[in-house]
Amino acid sequence: MWGGATAANQCEGAWLADGKGPSIEDHLTGGTHTTPRTYTRTIDPNTYYPSHESVDFYGHFREDIKLFGEMGMKIFRTSINWSRIYSVGDEAEPNAAGVEFYREMFQCCKDNGIEPLVTISHYEIPMGLCEKYGGWRDRRCVDFYLNLCRTIFTEYKGLVKHWLTFNEINMLQNGGMGAVIAGGILPKNDVEPMMFVDTHTTEELNDIYTALHHQFLASAKAVKLAHEIDPNNMVGCMIGGGPSLYPYTCNPADVLACQKKLQVGTWLCSDVQCRGAYPGYALRFFSDNNIDVPMLDGDDTILAEGCVDMYTYSYYMTNCVSTDPEVAKSQGNMMLGVPNPYLKLSDWGWAIDPDGLRWSLNEVWDRYQLPIMVVENGFGAVDERGEDGKFHDDYRIDYFRSHIKAMDEAIGDGVNLIAYTTWGCIDIVSAGTGEMKKRYGYIYVDKDNDGNGDLHREPKDSYWWYKKVIASNGEDLD
Ligand code: BGP
């Protein structure tokens, strides 16, 4: 299934419309490649918050989905904005207007021949749950999340059958901005820059792994519930994939460090979600770092009974791992790592590595033998009009072409890859920097970093190219 992907908080806007409450993302300002986004506990009326309007998918979804349909897309990944359905998060009854919005949107997908793929929580949690409960550190969030799941599995039964429990669940482990947007753990200060960090205090580690444990429980219970409500439901984990793939040198210390980084940073989450138990290296990591995961009686059974049906992940770029403190560290997205001298970088410093996609697909398949979806892959770039006034984004086409070839090789290797949804199929707000300037779309949206623009939509060259790719089932990549 060929398609595209977005996330509610990055595209919908309408942040307080029709009974929606604020979510954690609504408290983040815009940033740039070099200036971090800032969290503000209260909304400053003189500051620009990109999620408040985003690209107004809320008001434009019919037009956008029609364009996706005309392009031939078979699957569209988006997410539910939790605070649109439960505005504080702990209510007993859902907000009817929010429930209706998603019903209409999913129906619109169906009407355009598109299967919805729905992330239940994509880097957002109602601000109410962060304020009142401390986010995912509080076990009661498992029940609040399950309420949301019961509502959406019941309401959208027959409309949606592919679900992902948490976007890039392993990003929570990175702490810093990851802990805020993925874990709902509010920063200590009322105004704080959102940094990516690679060292944590014992207290921070305990917060992170407590929150993560609760998300594992929530995910496992959601899988069980989804199957009970509709046996046709297929539920996946969603892992931030790619980074830290390679040892920087063949020094065995680098090789071992890379293995450890992959184990803790990638496989820990997918092992729990796909195999239903914490692996041995995780237990060792917890004990080496004085992390006390609040495992209660019966939690092991919950995890074991809630294994996912499919493995999905994002893939943009890769980094290296080095034990040499002198080797410079670079930063890309929410992952830290050493730049690979063999790879070229995007304008945002992300290394372009199609071979790494083939490598990771093989690794995932060997490890789990579950159907795989690559649910994010794309090239964030500045798009400028050519002399004829159109967008000729051949750099984006080149990126996709090389990654589609890599997936084809992986399928040839025997990997069961069932779907590919490219990131930001229409221009949306960047999660990492809050910019509009970092564009991924096949469809241009007229809006800039300061919120100016009339929001009109316009296909780029890549739109027509991807349409051909889909029509030929990947045969025609010219
Ligand atoms: C992933 C997130 C997405 C997305 C993407 C691109 O980590 O799941 O939400 O935005 O990265 O990142 P960015 O928007 O920072 O370019």
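The values are calculated or read from the model by the stated rules, or taken from the named source; none is laboratory data. Remember, it's a predicted structure, so these values are computed and weren't measured experimentally. Reconstructed Cβ throughout: ideal geometry from the backbone, glycine too, with neighbour counts over all protein chains shown. Calculation scope for accessible area: heavy atoms of the full protein, side chains included, ligands and nucleic acids excluded. Shrake-Rupley method; radii C 1.70, N 1.55, O 1.52, S 1.80 Å.
For the peptides 300-306, 450-456, 65-71, 213-219, what is the packing order when you average, over each peptide's residues, the other Cβ atoms within 10 Å and list the highest mean first?
Working: 300-306: 16.0, 450-456: 11.3, 65-71: 19.6, 213-219: 25.1.
Top to bottom by mean Cβ count within 10 Å: 213-219, 65-71, 300-306, 450-456.
Let me check something: with ligands and nucleic acids excluded, how do Arg457, Arg103, Arg77 order by accessible area (1.4 Å probe), largest to smallest?
Numbers: Arg457 25, Arg103 70, Arg77 0 Å².
My answer, sorted largest first, is Arg103, Arg457, Arg77.
Among 39-48, 256-265, how do they line up from the highest to the lowest mean number of other beta-carbon atoms within 10 Å? Walk me through the numbers on the way to the answer.
On the way: 39-48: 12.0, 256-265: 17.4.
Put in order of decreasing packing, that is 256-265, 39-48.
What does DSSP give for the chain in terms of the percent of beta bridges that are antiparallel, rounded to the nearest 5? Intermediate results must be reported in sequence, preceding the final value.
On the way: 15 of 49 bridges.
Just about 30 percent of them are antiparallel.
Please list 205-211, 426-432 highest first by mean number of surrounding beta-carbon atoms within 10 Å per residue. Each step should come with its number before you reach the end.
On the way: 205-211: 21.4, 426-432: 25.1.
Descending mean neighbour count gives 426-432, 205-211.
Using the heavy atoms of the protein chains alone and a 1.4 angstrom probe, what is the accessible area of the chain per residue in square angstrom?
On the way: 17900 Å² over 478 residues.
Heavy-atom accessible area per residue stands at 37 Å².
Just how much of His122 is accessible, in Å², when a 1.4 Å probe is used and the result is rounded to the nearest 10?
For His122, the solvent-accessible surface is approximately 0 Å².
What number results when the radius of gyration of the chain, computed over Cα atoms, is divided by 2.2 N^0.38 Å? Before the final figure, lay out each step's value.
Details: Rg = 20.8 Å, N = 478, 2.2 N^0.38 = 22.9 Å.
Normalised by 2.2 N^0.38 Å, the Cα Rg of the chain equals 0.91.
Could you work out the per residue convex hull volume over the alpha carbons of the range 147-281, in cubic angstrom? List each step's numbers first, then the result.
On the way: hull volume 19.0 nm³, N = 135.
Spread over its residues, the Cα hull of the range 147-281 gives 141 Å³ apiece.
Computing the accessible area with a 1.4 Å probe over protein heavy atoms, can you report the carbon and sulfur percentage for the chain? Walk me through the numbers on the way to the answer.
On the way: 9050 of 17900 Å².
Ligands and nucleic acids excluded, carbon and sulfur reach 51 percent.
Looking only at Cα atoms, what is the convex hull volume of the range 334-478 per residue, in Å³? Can you show the working numbers first?
Working: hull volume 19.6 nm³, N = 145.
For the range 334-478, the hull spanned by Cα atoms encloses 135 Å³ per residue.
Run the helix sum for the chain: -39,500 (n - 2.57) per DSSP H stretch of 4+ residues, divided by residue count, reported at 222 nm to the nearest 500 deg cm²/dmol.
Taking each H run of at least 4 residues, the total per residue is -11500 deg cm²/dmol.
Identify all aspartates and glutamates with a Cα-Cα distance to Lys468 below 15 Å; exclude those on the same chain that are fewer than 8 residues away in sequence.
Those aspartates and glutamates meeting the cut-off are Glu70, Asp394, Asp398, Asp476, Asp478.
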